[in-house]
Amino acid sequence: MEALDLARWQFGVTTIYHFLFVPLTIGLSFIVAILQTFWYRTGRHEYLQATQFFGKLFLINFAMGVVTGIVQEFQFGMNWSEYSRFVGDVFGAPLAMEALLAFFLESTFIGLWIFGWHRLPRGVHLACIWLVAIGTNLSAYFILAANAWMRNPVGYEINEETGRAELNDIWAVLTNDQAWSTYIHTVGAAFITAGLFVVAVCAFKLWRDIKHGDTGETGVAPSTSERALFRGAMKVGLVVVLVAGAFTVLSGDNQAKLAAEFEPMKLAAAEALWDTEEGAPFSTFAVGDTEARHNPIDVTIPNVLSFLATGHFDGEVHGMNDLQEAYEEYYGPGNYIPNVFVVYWSFRLMMGLGMFGVAVAAVGLLLMRGRERLPRHRWFYYAAMAALPAALLANIFGWVLTEMGRQPWTVHGELLTAESVSPGVDLATVATSLAVFTAVYGVLFVVEVGLLWKYVKKGPTHLVPDLKDDKDESALPHFSY
Amino acid sequence: MDLALIWFVAIAVLWTGYFFLEGFDFGVGVLLPFTGRRNSIERRVAINSIGPVWSANEVWLLTAVGATFAAFPPWYASMLSGFYLPVLAILIALIARGVAFKYRSSHDSDRWRDVWDRAIFLGSVVPSFLWGVLFANLVQGVAMDADHIVTAGPLDLFSPYALLGGLTTLALFTLHGAVFLALKTDGPVRVRSRKAALGSAVVALPASAAFLGWTQSAHGQGWTAVTAVAAVAALVLGVLLTWQGREGWSFTAMAVAVLTLTVTVFGALYPNVLPSTTDPAYSLTIENAASADYTLTVMTWLTLVALPVILGYQAWSYWVFRKRVTGEQITGATVDGGAEPEPEKVA
């Protein structure tokens, strides 16, 4: 065990944890903004209730996204000092842009939104939540552009004297093919996740309604007015998932082609394709032998991989053995094959779990077509509730595929992961840090889930009571700490 | 003036903004146990005085660190890997207090609030102290080899000078927070904050004077003598104004004190960004740590466009919440931050 291994574990643990909250923040900020816009336009009370209810859940989640994001800003320097030294000139720029253009926007306007219900005119207050939503999406763009640069470095040259990468075209970094495609794919997945969050919450409440009926007791089942609200919100969630699903699938297809072009080793590993083939098949289930570098068992669909990677059924796809040989010749001796088992199965789990969520949305909309209709089958509610963890896991496996598939590089073709780690930081220090983060994050996870659970159970009328007469302005909420 | 120097100044400005803004947030957190009893309205008044703004204040830190990464990558790399454990402690503290602000009122129970209040207190004390320690180490330099890898152990970072630096920022931020609370609240919290300000001044004044004197004599430039004296003078003035109950002016004086102190520290650091005590030739300087001109040019244009806008809307958010926070406003809301008819009339 070396400091390098633990530094990688720490990056994995803290980043995956951070990314449980990020997609929800990205998607829910928009969904809350949409709900509040409905309220602003129609003045209908249930939209205010829905805005408040999902707004509260959004804020509980937002807090965690922010604090776990701070760690990311420091971690590169702490554990990956040689990486930072090498790439800062290029990689630091989008990070600084993210702070200047996105973080300030999000943080200032979230404060104004939380505390501004009574102090700001309604239109201005509505603009605040939209600015938060725009901020979160801008933030995603900059950080994904930085990540895309690691996989497809562009717009830079190596300074021979200092050995550092130096930016020479910021536009190339920001318009990197990998950046745009990754952005649509990741943000699409974020909207799927947030949409399924809304769907799962609504499904839970409506399912309790079916199971217990209206007992009139808060927290047991939704009241009559809440039933309409949850039905409406569920529809909003389902539509968001379906639209985002289309974007995610299309950009995912594009990602495969970009991988074939820029990261052929990742694609080959994701398919456990050992030898270069024309008309390569898509593997559905493989058992591989990484020592002998072949698959004793491989259940495949002919020609599909070639089509995904090149757009032609008989296109050529490079295999790992041939790439390894070419890389050794070009970069010198070493093992350039990532962990095939992890990459192969992450790819399948990402697709499978993601597709499950989109399928639930399609079925849900079909079952709910027409006025006032609700799905009667219990299995639908179970599936809708299961779709949320499925989407969160799909996000995680997507990142594992991206990051583990890039190994052994941090910057493709330029810097190895083993060369990136901080040489001055010893094993005990990283172990301490990993242990502390794991413990703190673990405790916070329990707290966060507990709070979400509590507010979901209480429901929207607990936050914003039903109207007693039609013109009750005092129903406006007052958030405070 | 060359671009590298401009960015050294820009980073100094970002840290100054951070210490000025989050300085009083930290102070409010440090003073939380003294503003009111457990689970009291007074504590909520104190927290709500920074409620809408603390998160945006913290972005100044993220921007300072992000700008250091982009403009001086080796500085970012050596500093954060070299100061690993204190930085870890700061991160955990910032996580704890950030979550605590949001979650403490989400569940109505005394024990629940107690836990989060402790998180706010410790989460404010730890970074207030450690930022001073780390900046003192930047000025003083650390053991660092020819590859700019810090070889000093965690305990080496706690020299007498660094400890004095930590005490200075802790006491100064506490005083700053007390003055802020006196300005932004009304009722018992306002009264107690004035007392707390005078109490913390007993430590903040001598500590700051000693730290600035030491910094100036050991590492200062000619001109930093002026800012060091100005910092002490502003502090004395701030305390006197607090004593007279002139809260707006005393807060202004505190702002000047934090500004001049930060400027003195960066002046003492110049032209290094991280000096090596192993061999001065191994030091990281503005010159050898700066990114290439292209990156610095891009960043400069971006900042020139973005910063005025940011300052504009951040100032506006303070304007929106300019009223003093009182217990009456708080009791208008339900305990768990939900909705209940609120008496306040909107102007």
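Nothing in this text is a laboratory measurement; each read-out follows from the coordinates by a stated rule. Note that the coordinates shown come from a computational prediction; the quantities given were computed from them, not determined experimentally. Please note: Cβ atoms are built from the backbone with ideal geometry, for glycine as well, and neighbour counts cover all protein chains shown.
Worth pointing out:
- Cross-link pairs A:56/A:458; A:205/B:102; A:454/B:102; B:102/B:195 - those with Cα-Cα distance over 20 Å: A:205/B:102; B:102/B:195
- When chain B is treated as a GNM with alpha-carbon contacts under 10 Å, the residue of B:202, B:189, B:309 showing the greatest mean-square fluctuation is B:309.
- Simple spin-label estimate for residue A:457 and residue B:143 in nanometres, 7 Å along Cα-Cβ: 5.5
- Legend: mean number of C-beta atoms from other chains within 10 angstrom of residue C-beta atoms, peptide A:52-61, equals 1.
- When the helices of the protein assembly as shown are scored as -39500 (n - 2.57) per DSSP H run of n ≥ 4 and the total is divided over every residue, the value at 222 nm lands at -25000 deg cm²/dmol.
- Test item: Cα-centred dipole of segment B:142-269, Lys/Arg +1 and Asp/Glu -1 on Cβ, debye: 740
- Tilt relative to chain A, helix A:224-262 - C-alpha long axis, 0 to 90 degrees, to 10: 10
- For segment A:24-160: Kirkwood Rh in Å [reciprocal of mean 1/r, alpha carbons]: 16.6
- Nearest 10 degrees, 0 to 90: helix A:81-97 Cα axis against chain A principal axis: 40
- Counting only the Cα atoms, chain B fills a convex hull of 134 Å³ per residue.
- With a Förster radius of 30 Å applied to the C-beta separation of residue A:160 and residue B:5, the computed FRET efficiency comes to 0.75.
- Leading residue at positive end of dipole, the protein assembly as shown (Cβ point charges), from B:3, A:267, B:243: B:243
- With Cα atoms, 0 to 90° folded angle of helix A:320-331 axis to chain A main axis: 70
- Gyration tensor (alpha-carbon) shape descriptor, segment B:256-295, a/c threshold 1.5: oblate
- Local electrostatic count at residue B:56 - Lys and Arg +1, Asp and Glu -1, tallied over other residues with Cβ under 11 Å: -4
- Near residue A:338: Cβ cut-off under 9 Å, other residues only, Lys/Arg at +1 and Asp/Glu at -1. The net charge is +2.
- For the segment B:82-89, counting C-beta atoms of other chains within 10 Å of every residue's C-beta and taking the mean gives 5.
- Put the Cα centre of segment A:53-114 next to the Cα centre of segment B:198-247 and the gap is 34 Å.
- Shielding by partners - mean other protein chain Cβ count within 10 Å, residues of B:285-295: 4
- Annotation: extensible slack from residue A:369 through residue A:355 equals 2.9 nm (criterion: 0.36 nm per residue apart, minus Cα-Cα distance).
- With the gyration tensor restricted to C-alpha atoms of segment A:207-336, the semi-axes of the equivalent ellipsoid amount to 49, 17, 14 Å, longest first.
- Cα-based shape type of the protein assembly as shown, given that a ≥ b ≥ c are square roots of the gyration tensor eigenvalues and the cut on a/c is 1.5: oblate
- Projecting label points 7 angstrom from Cα along Cα→Cβ for residue A:291 and residue B:108 puts them 6.5 nm apart.
- The modelled label-to-label distance for the pair residue B:158/residue A:418, using points 7 Å beyond Cα in the direction of Cβ, is 3.7 nm.
- Euclidean distance between Cα centres, segment A:29-51 to segment A:423-460, Å: 32
- Sites residue B:311 and residue B:249 - FRET efficiency at Förster radius 35 Å, r taken between beta-carbons, to 0.05: 0.95
- Panel values: chain A, Kirkwood radius from alpha carbon pairs, Stokes-Einstein at 20 °C and 1.002 mPa s, translational diffusion coefficient 89 µm²/s.
- At least 27 Å along the helix axis (C-alpha) and Kyte average at least -1.0, DSSP helices within chain B: B:3-35, B:84-103, B:110-140, B:160-184, B:188-219, B:224-243, B:247-269, B:293-320
- About its Cα centre, the dipole of segment A:259-349 is roughly 420 debye, where the only charges are +1 on Lys and Arg Cβ and -1 on Asp and Glu Cβ.
- The charge dipole of segment B:75-210, taken about its Cα centre with unit charges on the Cβ of Lys, Arg, Asp and Glu (plus for the first two, minus for the last two), comes to roughly 740 debye.
- For the protein assembly as shown, with +1 on Lys and Arg beta carbons and -1 on Asp and Glu, the positive-most of B:31, B:210, A:97 along the dipole: B:31
- Descending semi-axes in Å of segment B:106-166, equivalent ellipsoid built from Cα gyration tensor: 36, 12, 8
- Prolate/oblate/rounded call for segment B:19-79, Cα gyration tensor, a/c under 1.5 rounded: prolate
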